[in-house]
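Encoded as structure tokens, the structure appears first; notes follow it.
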Amino acid sequence: MAGQAWTMLVVFFGVLIGLALPLSAWLTRIADARPIAGPLGALERLIYRAAGVDPQEEMSWVKYATALVLFNALGVLVVYAIQRFQAVLPLNPQAMANVSADSAFNTAVSFVTNTNWQGYSGESTLSYFTQMTALAVQNFLSAATGLAVAYALIRGFARRSAQGIGNFWVDLTRGTLHVLLPLSVLLAVFFMGQGVIQNFDAYQPVHTVEARAATPTQTLAMGPVASQEAIKMVGTNGGGFFNANSAHPFENPTPLSNFVQMIAMFLIPTALCFVFGRMLGDTRQGWAVLGAMVVIFVIMAVVLTWAEQRGNPVLTQIGADQSHSLLQSGGNMEGKEVRFGIVASALFATITTSASCGAVNAMHDSFTPLGGLVPMWLIQLGEVVFGGVGAGLYGMLIFAIMAVFIAGLMIGRTPEYVGKKIEAFEIKMTSIVILVTPLLVLVGTAIAVMTTQGKAGVLNPGAHGFSEILYALSSAANNNGSAFAGISANTPFYNTLTAVVMWFGRFAFIIPVLAIAGSLARKKRIEVTAGTLPTHGPLFIALLIGTVVLVGALTYVPALALGPVIEQLQLQAIHLQTTH
Amino acid sequence: MDIVFIATFVALLLLTYALLRGCALLEKRKDRP
């Protein structure tokens, strides 16, 4: 791997930790029920009064989960209705027609579940009104929902003999008002400074540089992009204003905007690891969870960058120059922006699939098979390596429970984690959480490859076509939202299938997590003894990494063997033919 | 077509509610002596 790649990685983590530490102090304060001063605090109290919410009320996990699911269900209906009536709604200078029922349903579930899978193309389907009031609003609320669940689970660990795990309405309002909104305003202004557009203009016809071309004029899509771009990244949503997402120069114009977008994706997930430590009163616990995430992430980023810098042996065979020089990036540049090159594209892909974001600045479909396997597997690990806002932490803590359970079985002791006994009920709920997404991915993929409608969407036959389907279902079930592309997913079949998968991938995961939070909150905290497994040291970090990787490997390797693994072996065979 | 997708969504909600009640039931059983 080139020195530039290592430098980029080191600078990235330096800036990330430098920003996440102070943010974690604020996030910890937000989790506390005490009133917040200032104009935003006053607005918060006004919202409670208007909505009839008692901010002091503590909710049981059942009440918390019911409020959460009903609130998000209402979100689906609103987003669906706005899309179905957008032709008669304002801010529609391109006179976009109403969105089809299947696409509207898919998009509504997609944005409410923080997946932001996009079967449609933004610039040719949605009005500015729909982008702003339906999609951008859900970008905030879905991220705040994830944050709320993370708070509830941390409270479960931190509280002693408590009946409640917090108040969903307070967590949702505070996450939106005091965290996501201020960060988004800052980022939107920064992005506008970099050249991201923000307007309500009609699309602009421009004359191309080559006037002799078959199409001497080109239409440039416009819109309020910067405001949506900010929350798209910081809320780990990932749904692009334009179809090309962060590869579009109006969404991601410069290397600096690209770097900031990468930081934005990891900012809250990293800070939440520190929040976990702070709320427990033992910051080492947060560092341990973060340590496990960083180790997996760095290995994956190195493999992806190496695979792409190595180039494509098939292109070598036909005489293409893939060497690194002052004139070109070298390696496999297919589907990558020349503005970003291989390192920034590979790092972005690793981050976006670790962070459950789904924004893309390169075509994942064009990665080498080994390079493409990395983002797919990161998604399949359950989006626990940093993960989405809130979702990454609560997912990783579930793996931590599994890790201490396995350790407990090995040494014959009742497992415990950060002072809470892990008993049968928690393990039953953990099992549901760990099994639900693989079930959705593998059964969904099986349905797609066995039906005519499923196979009709595949544009590449053979192993690569299978990879495209597997990636799509993995992305939907784990609420990532990025696509391998190369698959025509805007059909009634895929729109319905992925909508069902996204819904259960989100809420069939969250409900057992909240059940664990409720159960843990009621328990007493037990004192550390000589027999307690330390969960802040290298041994536990290794155990946690092993659990995440083993569960991911055992679940998905057979499916991966039919897709990217076969493709890589085919490439190796060509490579051997050309060199011998 | 709208009615098909609204009905699908209602089915998703009912299944989600069933999961929630199922988890709550398991928790109650845990507390039995």
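Candidates are the residues of the stretch A:243-273 that are surrounded by fewer than 24 Cβ atoms within 10 Å (Cβ to Cβ) and of a type in the set (F, W, Y); the one that is nearest to A:V11 (Cα to Cα) is A:F259. Take the conditions (1) surrounded by fewer than 18 Cβ atoms within 10 Å (Cβ to Cβ); (2) in a helix (DSSP H, G or I); (3) among the β-branched types (V, I, T); A:T414 misses just one of them, which is (2). Scanning the stretch A:485-494 turns up one or more residues that are surrounded by fewer than 23 Cβ atoms within 10 Å (Cβ to Cβ), at pLDDT 95 or above, within 14 Å of chain B (Cβ to nearest Cβ) and in a helix (DSSP H, G or I). Of all the residues in the stretch A:497-522, those that are within 16 Å of B:L25 (Cα to Cα) and either not in a helix (DSSP H, G or I) or not aliphatic (A, V, I, L, M) (or both) number 3.
Based on what the data block shows, is A:L290 at pLDDT below 95 and either in a helix (DSSP H, G or I) or among the hydrophobic types (A, V, I, L, M, F, W, C) (or both)? So A:L290 does not fit the description; no. Summed over the stretch A:113-133, residues that are buried (at least 24 other Cβ atoms within 10 Å of the Cβ) and without any contact (Cβ under 8 Å) to a residue 60 or more places away in the chain total 3.
Applying the criterion of being in a helix (DSSP H, G or I) and in contact with a Leu (Cβ under 8 Å, 6 or more places away or on another chain) to the residues of the stretch A:232-242, the residue that is surrounded by the fewest Cβ atoms within 10 Å (Cβ to Cβ) is A:V234. Scanning the stretch A:23-37 for residues that are among the charged types (D, E, K, R) and either within 16 Å of A:R278 (Cα to Cα) or surrounded by 12 or more Cβ atoms within 10 Å (Cβ to Cβ) (or both) turns up A:R29, A:D32. A:I165 meets all of the listed conditions (1) surrounded by fewer than 24 Cβ atoms within 10 Å (Cβ to Cβ); (2) more than 23 Å from A:V79 (Cα to Cα) but one, namely (1). The number of residues in the stretch A:8-37 being in contact with a His (Cβ under 9 Å, 6 or more places away or on another chain) and over 30 Å from A:A301 (Cβ atoms) comes to 3.
Working carefully through the options A:L272, A:L370, A:L267, find the one that is farther than 26 Å from A:A25 by Cα and assigned to a helix (DSSP H, G or I). The conditions single out A:L370. Count of the stretch A:87-107 residues, restricted to those that are within 14 Å of chain B (Cβ to nearest Cβ) and touching a residue at least 40 places away in the same chain (Cβ under 8 Å), is 4. Taking the condition of a type in the set (S, T, N, Q), in contact with a strand residue (DSSP E or B) (Cβ under 9 Å, 6 or more places away or on another chain) and surrounded by 20 or more Cβ atoms within 10 Å (Cβ to Cβ), does A:S184 pass? In short, no.
If you go through the stretch A:507-552 and keep only what is within 14 Å of another protein chain (Cβ to nearest Cβ) and not aliphatic (A, V, I, L, M), you end up with A:F507, A:F509, A:P512, A:G518, A:S519, A:R522, A:K523. For the stretch A:317-329, the criterion of being assigned to a helix (DSSP H, G or I) and modelled with pLDDT under 95 is met by at least one residue.
The values are calculated or read from the model by the stated rules, or taken from the named source; none is laboratory data. Treat the numbers as computed from the prediction; the structure is a model and nothing was measured. All Cβ positions, even for glycine, are placed from backbone atoms using ideal geometry, and neighbour counts span all protein chains on display.
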